[in-house]
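Okay, structure first, notes after.
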Amino acid sequence: MPRSASRNTASTTPRNPANSRSSSGSSSPAPAENEESDFFAAGNESESSLGVPNIQDMRVDDDACLPPVHRLPNEILISIFARLSSSADLLRAMLTCKRWARNAVDLLWHRPSCSSWEKHKKICQTLSLSDPYFDYRHFVKRINLAALAPDVSDGTVMPLSECNRVERLTLTGCNKLTDTGLVALITNSHHLYSLDVSAQPPLSTVTSNDHITDASINALAENCPQLQGLNISGCHRISNESLIHLAKSCRYLRRLKLNDCGQVQDEAVFAFAENCPNILEIDLNQCRLVTNAPVTALFTQGTALRELRLANCELLDDEAFLALPSNRTFDHLRILDISNSMGITDRAIEKIIEVAPRLRNLVLQKCRNLTDAAVYAISKLGKNLHFLHLGHCSHITDDGVKRLVASCNRIRYIDLGCCTNLTDDSVSKLAILPKLKRIGLVKCANITDASVIALANANRRPRVRKDAQGNIIQDHFTTMSSLERVHLSYCTNLTQASIIRLLNSCPRLTHLSLTGVQAFLRGDLEQFSRPAPAEFTEHQRSVFCVFSGQGVVNLRRHLNNILAAEYHESREPSAPRNAPPTASVVSQILPPELAFADGDVDAAEMEDEEGDDTAPDGPAVAPPPASNPVIPVVQQAMPAHTGVDNAELEPFSFVYPPRYGPLSAMAAPAGPSSQTPNPGSSGTSTPSASQATIVPAGHAAILAQVHNQTAAGSSGNAAVTAAAATSNDPRPHVPLAHLDATATSEQIEQVVDQQNVALSSGT
């Protein structure tokens with residue numbers, strides 16, 4: 001048979017797929033029966049159905065030889081570099097290799113730091129390079145020159161005008177900057193969405209920027225259609241016409257601050273209300289020409305208004321809010337400031353609460369026509385209310401405040417300065433607010449030490465604790481006071497004793513104002529007070545007394561040291577050095593009405609309220625009854641877990657005495673248990689000087705009388721006995737002479753109660 005015929009025969013002969021060993025190629029000849037497998041055949045022209053790798057599968061990829069860090073995708077590298085907090089670290093990453101440099105350069109130049117003139121100079125020099133490795137001008141997204149503000153001029157910003165992708169431009173307080181420099185920055189920044197050219201803050205001598213005019217606002221309207229935030233506070237030469245042009249061109253505007261722009265009129269506000277429906281925040285503070293109608297339009301035509309500040313808009317009255325539709329609520333509104341609006345009455349507040357039930361911050365200071373009716377309406381906000389300023393609302397009484405506290409238990413800041421009708425009754429209710437951090441009671445002349453003691457005990461109440469298994473621990477646990485700022489200036493009835501109590505009970509306190517409080521107008525305390533503002537008169541300087549930050553810590557330590565010195569000077573000559581003060585010294589430290597107040601707890605149980613409720617199991621201690629008196633103690637050592645500096649609390653604190661065990665068990669020595677005998681008492685041992693003890697001062701005072709019977713005399717016993725005979729105490733009278741170092745706590749408390757009865761009866 002010819003070769004061609006055999007070839008054709010082979011190609012047309014059907015194959016049995018079950019026993020075929022051929023490749024998948026349709027043109028491949030069928031192998032002979034006795035032929036070896038083509039597993040290693042090099043002529044296979046297609047992918048084998050048996051999974052044999054081809055040349056492409058067997059090639060060696062260079063990436064497999066690279067370290068893992070070099071095989072990371074660019075997105076992962078950028079995410080890692082973005083977590084570097086220091087620009088110096090980013091620079092080091094850029095210098096590692098070219099690939100890292102390409103992924104880190106954008107982050108490094110995203111917001112170049114212009115915190116000094118030297119840095120500003122380097123940035124400008126780099127941007128002006130003729131042939132840079134990277135085109136840095138495209139990477140700059142944010143420019144902030146506020147740190148150099150006093151000396152920033154047009155020449156300062158001209159080199160930065162090359163940056164054509166700036167999104168945020170902060171020029172706060174750059175009062176020497178004119179339209180020339182600002183227009184140059186704006187013209188190339190088509191992606192700009194935030195601009196701040198506000199004047200210096202009011203505390204500065206310069207409060208306006210008169211170099212920015214309509215030219216800058218018109219350039220902004222023409223070149224920055226995506227603008228979302230604008231702050232031109234204090235720019236007095238910007239007209240209403242340019243603002244209207246801006247409102248029509250920048251319809252995405254969301255935040256607008258026109259603070260102290262007294263030239264702004266209703267037309268400009270109407271333009272923003274009509275053309276910018278997505279406004280979230282608008283500040284019209286001191287825009288004294290604005291009336292009711294545009295304010296109503298901001299509510300009705302906006303869709304997401306969250307903050308509205310209308311302080312010192314003197315032409316506002318109730319009609320601005322009474323015109324709001326009753327069938328619509330503005331749930332987005334969180335902050336409203338209508339301070340110093342004499343035309344606002346209770347009716348307006350009631351309407352505001354009705355249409356904005358989720359208000360969180362409400363500032364109504366110097367709305368002098370408000371009464372308790374307004375406070376009753378505000379109380380309907382309930383848990384939503386966090387911040388309330390009612391300063392100078394002199395018609396408010398205790399009834400309104402008590403209703404407010406009963407309904408709004410999440411208040412963190414409340415200012416009731418110059419509410420002269422308030423008394424201790426309402427302040428005591430305010431003190432129970434669990435989250436209270438700041439309170440203002442300036443010129444509330446009717447409040448006394450009782451209010452301060454209530455504030456000192458604020459937030460110190462039992463709280464449930466659980467162990468690791470979730471079981472409730474049946475011991476007494478109390479949170480610490482959350483107070484941070486307390487304003488008590490011109491509360492003339494306050495004494496030093498209550499302020500000391502406040503200082504020692506509030507370790508988080510960072511601000512305390514006591515201007516005009518006679519007890520603190522002392523030369524030795526001036527060193528801890530802030531300096532008076534420069535604009536104050538001589539008389540104002542003489543009564544200025546405000547402690548902030550470290551000044552509060554130093555004041556606390558100084559007053560406690562004075563009390564410690566008084567104690568050591570007045571203690572008995574034979575008394576051991578670590579003994580607590582006598583009864584007379586205790587009365588000097590705190591009067592009885594201040595010392596015996598409910599709410600104090602053992603210092604060993606004080607923990608940060610931010611901590612975890614889960615605690616390891618420990619020996620259960622029965623909590624003291626709420627009616628038991630608090631007895632001051634001397635504390636030389638504070639448990640480390642309280643988070644309070646020992647030096648700040650030395651030497652006086654206030655704790656409950658334990659309700660079990662003899663008096664000898666109440667001393668908790670911190671050092672070795674060695675004791676030295678007291679030469680003055682046969683066989684009686686006293687703690688050594690190296691031991692730090694915690695002894696109830698009231699008990700120690702009684703024991704001091706036991707050891708000084710000749711000095712204390714029988715007159716004290718007779719007074720206590722007579723008082724006990726007329727009291728209703730069912731317990732048998734325990735003479736003072738029967739108390740010794742083994743007396744039980746119950747016996748000593750009985751004598752303390754009997755002494756109090758004797759004092760109250762005038763014996």
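What are the trypsin sites (Lys or Arg not before Pro) within segment 510-574 that DSSP puts in a loop, where the Cβ has at most 12 other Cβ atoms within 10 Å? Counting only loop positions with at most 12 other Cβ atoms within 10 Å, the trypsin sites (Lys or Arg not before Pro) in segment 510-574 are R522. The residues of segment 354-475 expose on average 40 square angstrom of accessible surface per residue, using a 1.4 Å probe on protein heavy atoms.
Surface exposure of segment 175-285, expressed per residue as accessible area with a 1.4 Å probe, stands at 40 Å². Kirkwood radius for segment 134-290, taken over all pairs of different Cα atoms as the inverse mean of 1/r, rounds to 15.5 Å.
For segment 363-519, what ratio Rg/Rh do Cα atoms give with a Kirkwood hydrodynamic radius? Across segment 363-519, the Cα-based Rg/Rh ratio is 1.01.
For segment 299-330, trypsin sites (Lys or Arg not before Pro) are listed when DSSP marks them as loop and at most 13 other Cβ atoms sit within 10 Å of their Cβ; the list is R328. Rolling a 1.4 Å probe over the protein heavy atoms of segment 217-332, with every protein chain left in place, gives an accessible area that is 44 percent carbon and sulfur.
Restricting segment 125-229 to trypsin sites (Lys or Arg not before Pro) that sit in a DSSP loop and have at most 11 other Cβ atoms within 10 Å of their own Cβ leaves nothing. Here the extension length gained between K248 and K121 equals 41.9 nm, from 0.36 nm per residue of separation less the Cα-Cα distance. Accessible area per residue (1.4 Å probe, heavy atoms of protein chains only) ranks M94, M342 as M342, M94, with the largest value leading. Computed extension length for D331-R530: 67.5 nm, one decimal, from 0.36 nm per residue of separation with the Cα-Cα distance subtracted. Probing with 1.4 Å while keeping every protein chain in the model, the per residue accessible area of segment 90-166 equals 56 Å². Extending 7 Å from Cα along the Cβ direction at S542 and again at R508 yields two label points whose distance is 3.9 nm.
The values are calculated or read from the model by the stated rules, or taken from the named source; none is laboratory data. In this text the structure is predicted, and so the values were computed from the model without any measurement. Every residue, glycine among them, receives a Cβ derived from its backbone with ideal geometry; neighbour counts consider all protein chains shown. Note: accessible area is taken over every heavy atom of the protein model, side chains too, but ligands, DNA and RNA are not part of it. Shrake-Rupley method; radii C 1.70, N 1.55, O 1.52, S 1.80 Å.
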